[in-house]
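Data block below; observations after.
The values are calculated or read from the model by the stated rules, or taken from the named source; none is laboratory data. Fair warning: this is a prediction, and the values are worked out from it, not measured in the lab. Using ideal geometry, Cβ is built from the backbone for each residue, glycine included, and neighbour counts are taken over all protein chains shown.
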Amino acid sequence: MLLAAILMQSLLIPVDADVSWLVTVCERLLGGDRLYVDLVETNPPASVWLYLPSVWAAGQLGLPAEALVIGSAMVGAVLSIAATARLAVKLCRPACLAWLSAGAAFALLILPGGLFAQREQFALMLALPATVAIVRIRQGRAPGQPASVAVGIAAGLLMAIKPPFALALLLPAAWAAKRTRDWRPFLAPAAAAALVLAAYAAAVMILTPEYLQLLPMLRATYLPMRDQAVNFLLGPMLVVPTALYLLARLLQRPRAEPLATALFLASAGFALAGLIQGKNYLNHSYPSIALATIGFALMAGGRVSRSAPRHLAVTAAALLIGLQLLRTASVQPPPGLVDAIVRSGPANPRMISLGTELATGHPATRLARGRWVGSRPSLFTAAGARYVGLGDLAAAHWYREDLASFVQDVETRRPDLVLVEDRSRSWLLADPNIRRAMRLYAPVERAGAIEVWRRR
């Protein structure tokens, strides 16, 4: 599976927009720009620091940053699988351990597809062995002190990536504590997790205090943007893990394996985290689907009741998981955009986008060997302000500030090419300052709903 992942990621699938943008941010920081000052990023600094070592190493070795980022994710996945198997040795029979390892390898190396090296994949690497450690506690076989501390550090890092991810461990931990009626085995890992979070909070305050100044903008524009409830109810984040759980129950006797139960609980925790975030992005669905896939693999590899419709359940689960793999593998840049950028020239163009979609400029800019000179990945804040309504004074303020940042970037950084989205062109060009700045450019190429404008 590792070999298959290497082939997929190197030949078929580029990194997705989120990862590409964060790699760009890291390169700009290493080049002297200041986070949250020269570059505006909506995510807390952990999202940037996660990729900074790989991007720095790529610069030192003269390699593409994407290669080191993808490579680090592959190494992390292998280490996570190894740690998971090591912790599960005292819980599983050899056949069960083989199914657990195979399921984890598929979930961490193949299923991500175009979401490879996303923060959710790193979060899953941390959550998987921690979940097995929780089952060890439930079964009265708590890991030793060093392993417990390591699990706590993993839990702290998981929460630093995104705080709602704590639910992925809290649900199985509550289930285990209810069985044992003893919280003492959780004290060492909880203390280690708390220390990690305290160190992270101190690092934010010392190294990036400017992030705190962005909180009013996030509160006014980013956080209120939520997908409709019906899309969550019908979407893969809830439907796929639930379906896999129900199919798994058809395979065995009514009482499930404790490890499989914990994996499904952790899956539910990640799904709840996705609901809290409220965006319903594909990467937000990935960890809950991945853990449910591993849980199903455990149940499918165990002793199966002869009366259960095994073949039907396995076939249905395979189709469901295959559909999710097709969805993740389809995460690609807008078709034809890279070629349109290359045809527009010049070589290694300085670039920016006039639009609200992160995927417009990233990773197409990097694939075309361009340089992103904008201070923001897109005018996403302006889109959030419009979602809230410009009648809201705070939203209107941040709307004007976001549009002014584009004008300033065009005037001071003089990009060679501007990627203009049809979807938001009319209301953006209605702003007189943007219209004045864009008079320096003219459309020269088109790729679908995106036009490439070149400096006159």
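Looking at residue 193, is it touching a Leu at 6+ places or on another chain (Cβ under 8 Å) and small (Gly, Ala, Ser)? So residue 193 fails the test.
Results for (1) under 26 Å from residue 219 (Cα atoms); (2) not basic (Lys, Arg), shown as yes or no for each residue.
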{"residue": "384", "(1), (2)": "yes, yes"}
{"residue": "387", "(1), (2)": "yes, yes"}
{"residue": "392", "(1), (2)": "yes, yes"}
{"residue": "396", "(1), (2)": "yes, yes"}
{"residue": "406", "(1), (2)": "yes, yes"}
{"residue": "409", "(1), (2)": "yes, yes"}
{"residue": "418", "(1), (2)": "no, yes"}
{"residue": "423", "(1), (2)": "yes, no"}
{"residue": "453", "(1), (2)": "no, yes"}
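Taking helices (runs of 4 or more DSSP H) as the structural unit, those lying wholly within the stretch 295-387 and holding at least 1 residues that are farther than 27 Å from residue 38 by Cβ correspond to 310-329, 337-344.
Residue 315 fulfils the conditions (1) within 26 Å of the chain's Cα centre (by Cα); (2) of a type in the set (Ser, Thr, Tyr); (3) in the same structural domain as residue 22 (by TED's automatic domain parsing) except for a single criterion, (1). Based on this model, can you work out whether residue 294 counts as assigned by TED's automatic domain parsing to the domain that holds residue 38 and either crowded, with 17+ Cβ neighbours inside 10 Å or out of contact with any strand residue (DSSP E or B) (no Cβ under 6 Å at 6 or more places or on another chain) (or both)? So residue 294 fits the description; yes. Is there a residue being surrounded by fewer than 17 Cβ atoms within 10 Å (Cβ to Cβ), of a type in the set (A, V, I, L, M, F, W, C), assigned by TED's automatic domain parsing to the domain that holds residue 165 and out of contact with any Phe, Trp or Tyr (no Cβ under 7 Å at 6 or more places or on another chain) anywhere in the stretch 13-32? No, the conditions are met nowhere in the stretch 13-32.
Inside the stretch 43-64, residues that are among the hydroxyl-bearing types (Ser, Thr, Tyr) and either free of Cβ contacts under 8 Å to residues at least 24 places away in the same chain or crowded, with 19+ Cβ neighbours inside 10 Å (or both) make up a count of 2. Within the stretch 412-435, if we keep just the residues that are of a type in the set (D, E, K, R) and in contact with a helix residue (DSSP H, G or I) (Cβ under 8 Å, 6 or more places away or on another chain), the residue that is nearest to residue 359 (Cα to Cα) turns out to be 421.
Mind checking whether some residue in the stretch 317-333 is modelled with pLDDT of 95 or more, surrounded by 19 or more Cβ atoms within 10 Å (Cβ to Cβ) and more than 28 Å from residue 118 (Cβ to Cβ)? The answer is no; no qualifying residue exists.
Residues of the stretch 321-370 that are charged (D, E, K, R) and closer than 19 Å to residue 447 by Cα: 339, 343, 350, 357, 366, 369. Pairs please, first residue from the stretch 201-225 and within 21 Å of residue 158 (Cβ to Cβ), second anywhere and loosely packed, with under 13 Cβ neighbours inside 10 Å and basic (Lys, Arg), Cβ atoms under 9 Å, 6+ apart in sequence or on different chains. Taking only residues 6 or more apart or on different chains, the pairs are 208/34.
You will find that of 327, 371, the residue that is basic (Lys, Arg) and more than 30 Å from residue 245 (Cα to Cα) is 371 and no other. Restrict the check to the stretch 240-247 and report whether at least one residue is among the β-branched types (Val, Ile, Thr) and touching a Leu at 6+ places or on another chain (Cβ under 9 Å). Checking the stretch 240-247: at least one residue is among the β-branched types (Val, Ile, Thr) and touching a Leu at 6+ places or on another chain (Cβ under 9 Å). Give the residues of the stretch 357-412 that are buried (at least 20 other Cβ atoms within 10 Å of the Cβ), among the polar types (S, T, N, Q) and under 16 Å from residue 40 (Cβ atoms), sorted by residue number. Passing the criteria: 378, 381. What about residue 221, is it in contact with a Ser or Thr (Cβ under 7 Å, 6 or more places away or on another chain) and either of a type in the set (Asp, Glu) or within 17 Å of residue 42 (Cα to Cα) (or both)? Criteria met by residue 221.
One line per residue, one yes/no per condition, for (1) of a type outside the set (Lys, Arg); (2) at negative phi; (3) modelled with pLDDT under 95; (4) in contact with a Ser or Thr (Cβ under 8 Å, 6 or more places away or on another chain):
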residue: 57; (1), (2), (3), (4): yes, yes, no, no
residue: 74; (1), (2), (3), (4): yes, yes, no, no
residue: 84; (1), (2), (3), (4): yes, yes, no, yes
residue: 96; (1), (2), (3), (4): yes, yes, yes, no
residue: 104; (1), (2), (3), (4): yes, yes, no, yes
residue: 109; (1), (2), (3), (4): yes, yes, no, no
residue: 117; (1), (2), (3), (4): yes, no, no, yes
residue: 127; (1), (2), (3), (4): yes, yes, no, no
